[in-house]
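Engineer: Take this structure, written in structure tokens, and hold onto it; I'll ask about it next.
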Amino acid sequence: MSTNILNVKDLVIHYETDEEVVEAVNNISFEIKKGEVLGLVGETGAGKTTTALGIMGLLPDKVGHVIQGSVELEGENLFDKSAREMRKVRGKKISMIFQDPMTALNPVKPVGDQIAEVILLHDRCSKAEALQRAQKMLAMVGIVPERYKDYPHQFSGGMKQRIVIAIALACEPELLIADEPTTALDVTIQAQILDMMRSLQQKQGTSMILITHDLGVVAEMCDHCAVMYAGELVEYGTVEEVFDHPKHPYTKALYQSIPSLDKDVKRLRVVPGMVTDPSKLPCCCSFADRCTEKCEQCESGDPRIVNVNEEHWVKCFNYRAEKEEK
Amino acid sequence: MFKYIIKRILYLIPILFGVTIIIFALKTFTPGDPARQILGNSASEEQVQEKREELGLNDPVVTQYFHYIKDIVTKGDFGDSYRTGKPVLQEILPRLATSAKITLGAVIMGALIGVLLGIISALKKYTVVDSGVLVVSMFFQSVPEFVIALVLIMVFAVNLHILPANGIDTWQGYIMPMLCIGLASVASYTRITRSSMLEVLGEDYIRTARAKGQSEKNITQHHALRNAMIPVAQSVGTSLGNSIGGGMVLETVFGVPGVGKYIVDAITQRNYPSVLGGALIIAMVLTIINLLVDISFVMIDPRLKTTIISGGAKKTPRKQKSLKAA
Amino acid sequence: MAKMHTPAMEKIEKRNAKRKKPVKSTPAYESWKRFKRNPTALLGLAVVCILILIAIFAPLIAPYGYQTQDYSAMMQAPSSAHFFGTDQFGRDIFSRVIYGARYSLIIALFCTIAAFFSGGLLGIIAGYCGGIVDTLIMRVMDIFQSIPMIMMAMCIVAVLGNGIPQLVAAIMFASMPTMARNNRAAILRVRGSDYIESSEAIGVNQVQMIIKHMIPNAVGVMIIYFVGFLAVSIMMMSSMSYIGVGLAAPTPEWGLILNDGKAYLTSAPYMMLFPAMMIMITCFAFNLMGDGLRDAFDPRLK
């Protein structure tokens, strides 16, 4: 276990407003080994981004609260750190790539300065040196280094995302959190960006959490896969395991909603119903409402985690029953 | 850039023509016979007729307008004061300098205090400090300047005897007029800065900066402030117009020999050429200042430069919020 | 799944338990709910209501007539007989201030209505028609706007002379550009919004569109401007009267009362104190209320 870069344990995050409490993340635990890529999959509103922001310590002020749990980076609990110490972690040890590259860059600063900023913050070097490294980073993400003086609005969406990636990787972080890095981009650009991220990740040996709702991306990029629903992890395992032998009804439903080239399907299966409102979670299994395989038990209690094998677990009564029958 | 400035200057011309038409229309509607007013009641009917002929008052209105414009453009002749018989321009120019000093000082003071309060308010949003700042600044905005002026005079001139109530013979005389005009504009700067700051602080690039590990102080200074200043700079023009208007009243209250007092005195003396000439000169000055303000945005916001150079319509990057009628 | 119970949740549950029933939630009701939560706005509303009552019942409240001169009691300091004292003609300042509420509020109302029917209407037309009409109206408004509002008003009064109708006309003309701009923006924002586009797409006809979608959505913003402009016109009116360009004596308008007391600032400051306070309170109350309305109708603007 010593090779674990990140240990998330029993993490609970709520958003509290005057009107309601949104239970965004409910008791999730997972870990990431060095150099590993974890895919975090789920519908919009499942709590993926909240998990990421929780790890970064960037939950919105006053509204977002970590209720319980710990996030350990290389054995140190990040929640115990002071604001000052956390700043040293962000950008240096953990970086994040955000969903929308269009708005992630400061419109009134040249991009070179924005990359150099993170270098200056964490590595002792002169401004000129930082700018040089920034140009190197630009070259690394496939942008002509001479353009470091240009402003964000002079770049296209894909190029901006490259710059965001350059910022994230500039200090060679241990962990990179990519929050739907390609959702806002054209399909053709998506592949380019993902390829680049994959090769840079391997080159730097960075661990990565890749948040997406695109299962194809997970299959392509990740080692492990975690499926999130209504703030809970419902299934976790290696990509092969989860893809080939999905156990949770939600995971199965997700696969059935992907168009397939091999089979001729008239109509795609959709997951029935809407995402459960995270401010009004039921006290039983939160997927019960939409589940096609639900039984009585599902509406009375909360399922526990059941191991399928060494590296694959699922949170569902059905599977447990199935297992006990055997 | 050069082209843009030329374009803006050309755009100025129809506006100034429009202003002359309004002023000329007012002039035409003015009751009483200017010739009679110049000559006084003792003059005979023939003398008046002669004077009318001399002033061109018997010509058709359109011809009169052309003469009016011709005099302004070729001779800088805005008419002669009924009271002194001297050209209005000659009387106003020295007063313009006095008014400019006070207005400029007031605007700088108002903007500095307002922006500072706006930033504090935004950083401490929804706290007692925030609402306190908002209520106090709104008080100064909603109470007419002359009432504040009266209170200041009662306190500082009548009771404490530390500032003169009248005139600007010493430098102390400038303090109260500047303070009153400045305080009235503080609120609008505070509000705009606060809302723009809050908007900017919610932007994704601020989150990016946090993810880099940048400190809140630097984020405010280097990332938020410059972006937040764009709408503030855009509001300077409007605010300046209000300050000049407020200045007219205050110059009268404080007995400052500026343009405002000149015009107000002229109104009470029914000295119409001075009123309308003065109004025209102020409108011109204001229009030119607005042009300068517009040009200075381009310096702050690099995005505008490209839209302008590429010949695109002059568009503000952020949808500008419609301000309260004030 | 099992809930994590937090103090925040308990607080909300407690409050929900106290509430009797979920009530119907119309936009107007929601706005009122937001307005009600804002203590400063309620204070503003209360003061405005009191002012309106004072204006209506002025003859009952005021112990003397606003023009009644009493040469036996000139320049008296505040006392039980004359709460706010008397002026140089022996007129009771309290009565003048009370009647002043009547004049100030009514004139402000006239000014605001006039401004809405001139500038406001132009703005709505510009915003609704768009195209060449819009450009034409707004360019003309640009020209008007290059003369500062109060200067424009004073020039008009200079030409027309002092008096109530003249003042209303002056403030109306002077405020035309601001009014037009604000109302145009309000209409444009509604016009440009997605729900208008989508109802256009499903073929809702023009008349229905205006009645059902545009007016209800723009009306909130327009009420905000209306209340805001009441304060602006009181400000302008009193400023102009104070410097002698506006109303004519002996109208008991607050600015004019101040103008009367100007000469006695050192010897009898009470003559100016009370009317000045009335102006402050009135303008501030209208602004507090307007601000609350803005938050209530349009929380995004906050």
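Engineer: What does DSSP give for the protein assembly as shown in terms of the percent of beta bridges that are antiparallel, rounded to the nearest 5?
Structural biologist: 65 percent
Engineer: Moving to a separate point now. Once the Cα atoms of helix C:7-18 and of chain C are each reduced to a long axis, what angle between those two axes, in degrees from 0 to 90 to the nearest 10, is obtained?
Structural biologist: 80 degrees
Engineer: Still on this structure: At a 10 Å Cβ-Cβ cut-off, how would you order C:32, C:254, fewest neighbours first?
Structural biologist: C:32, C:254
Engineer: May I ask you to sort B:13, C:52 by Cβ crowding, counting other Cβ atoms within 10 Å and putting the fewest first?
Structural biologist: Taking fewest neighbouring Cβ atoms as first place, the list is B:13, C:52.
Engineer: Give, rounded to the nearest 20 debye, the magnitude of the charge dipole that chain A has about its Cα centre when Lys and Arg contribute +1 at Cβ and Asp and Glu contribute -1 at Cβ.
Structural biologist: It works out to roughly 1040 debye.
Engineer: Same structure, new question: Take the Cα radius of gyration of the protein assembly as shown and divide it by 2.2 N^0.38 Å, with N its residue count; two decimals is plenty.
Structural biologist: In units of the globular-protein estimate, the protein assembly as shown measures up at 1.16.
Engineer: Fewest Cβ neighbours within 10 Å first, please rank B:120, B:23 accordingly.
Structural biologist: Lowest to highest Cβ neighbour count: B:120, B:23.
Engineer: Then there is this: Dipole of the protein assembly as shown (Lys/Arg Cβ +1, Asp/Glu Cβ -1, origin at the Cα centre): which of C:237, A:120, A:173 lies farthest to the positive side?
Structural biologist: Checked the options; the winner is C:237.
Engineer: Longer than 31 Å from Cα to Cα, which of A:81/A:149; B:75/B:101; A:34/A:149; A:149/B:124; A:127/B:125 are they? Say none if no pair is.
Structural biologist: A:81/A:149; A:34/A:149; A:149/B:124; A:127/B:125
Engineer: Another question about this same structure. Loop only per DSSP, at most 13 neighbouring Cβ atoms within 10 Å: give me the GluC sites (Glu not before Pro) in the range A:1-53, ordered by residue number.
Structural biologist: When the GluC sites (Glu not before Pro) of the range A:1-53 are filtered for loop state and at most 13 Cβ neighbours within 10 Å, A:19 remain.
Engineer: Tilt of helix C:131-145 relative to the longest C-alpha principal axis of chain C, in degrees (0 to 90, nearest 10)?
Structural biologist: Helix C:131-145 and the main axis of chain C meet at about 30 degrees.
Engineer: Are there DSSP H segments in chain B that both extend 24 Å or more along their axis (alpha-carbon positions) and score a mean Kyte-Doolittle hydropathy of at least 1.0? List them, or say none.
Structural biologist: Qualifying helices, which must be both long enough and hydrophobic enough, are B:2-29, B:88-123, B:272-300.
Engineer: Suppose we keep just the DSSP beta bridges with both residues in the range A:165-256; what percent of those would be antiparallel, to 5?
Structural biologist: 55 percent
Engineer: Can you figure out the FRET efficiency of residue A:240 with residue B:2, using R₀ = 45 Å and their beta-carbon distance, to the nearest 0.05?
Structural biologist: 0.10
Engineer: Let me ask something else about it. Relative to the Cα centre, what is the charge dipole magnitude of the range A:106-172, using +1 at the beta carbon of each Lys and Arg, -1 at the beta carbon of each Asp and Glu, and rounding to the nearest 20 debye?
Structural biologist: That gives the range A:106-172 a dipole magnitude of about 100 debye.
Engineer: Using just the Cα positions, wrap chain A in a convex hull and report its mean projected area in square nanometres, one decimal place.
Structural biologist: 18.8 nm²
Engineer: Follow-up question, since we're still on this one. Taking 8 Å as the Cα distance limit and 6 or more residues as the minimum spacing, I'd like the relative contact order of chain A as a percentage.
Structural biologist: Answer for chain A is 20 percent.
Engineer: Shifting gears a bit: What is the angle, in °, between the Cα long axis of helix C:27-36 and the longest principal axis of the Cα atoms in chain C? Nearest 10 is fine, range 0 to 90.
Structural biologist: With both axes taken from Cα atoms, the answer is about 50 degrees.
Engineer: Something else about it: Within the range A:1-75, list the trypsin sites (Lys or Arg not before Pro) lying in a DSSP loop whose Cβ has at most 11 other Cβ atoms in a 10 Å radius.
Structural biologist: A:62
Engineer: Find out how many positive minus negative residues lie around residue C:76, taking Lys and Arg as positive, Asp and Glu as negative, among other residues whose Cβ is under 11 Å from that of residue C:76.
Structural biologist: -2
Engineer: With label points built 7 Å along Cα→Cβ from the Cα atoms of residue B:45 and residue C:262, find their separation and express it in nm.
Structural biologist: Each label point lies 7 Å from its Cα, and together they span 3.9 nm.
Engineer: Here's a follow-up. With only Lys, Arg, Asp and Glu charged, each at its Cβ (+1 for the first two, -1 for the last two), find how big the charge dipole of chain C is about the Cα centre; round to the nearest 20 debye.
Structural biologist: With Lys and Arg at +1 and Asp and Glu at -1, about 1500 debye.
Engineer: Please report the base-10 log of the normalised intensity I(q)/I(0) for the range C:162-220, using a Debye sum with one equal scatterer per alpha carbon and no solvent, at each q in 0.12, 0.17, 0.28 (1/Å).
Structural biologist: Here the Debye-derived log intensity ratios amount to -0.44, -0.64, -1.07.
Engineer: Another question, if that's okay. When the Cα atoms of the range A:106-172 are enclosed in a convex hull and the volume is divided per residue, what value in Å³ results?
Structural biologist: Each residue corresponds to 72 Å³ of Cα convex hull volume.
Engineer: Please list the non-local residues whose amide H lies under 5 Å from the amide H of residue A:234, H modeled 1.01 Å from N, same-chain partners needing a gap of 5 or more.
Structural biologist: A:227, A:228, A:229
Engineer: Of the options B:115, B:85, B:32, report the single residue whose Cα projects farthest towards the positive end of the charge dipole of the range B:28-131 (beta-carbon charges: Lys, Arg +1; Asp, Glu -1).
Structural biologist: Looking along the dipole axis, the top candidate is B:115.
Values quoted throughout were computed directly from the atomic coordinates according to the rules given, and no laboratory measurement underlies them. Quick caveat, the model's predicted, so the values are computed rather than measured. In this analysis, Cβ positions are derived from the backbone assuming ideal geometry, glycine residues included, and neighbour counts consider all displayed protein chains.
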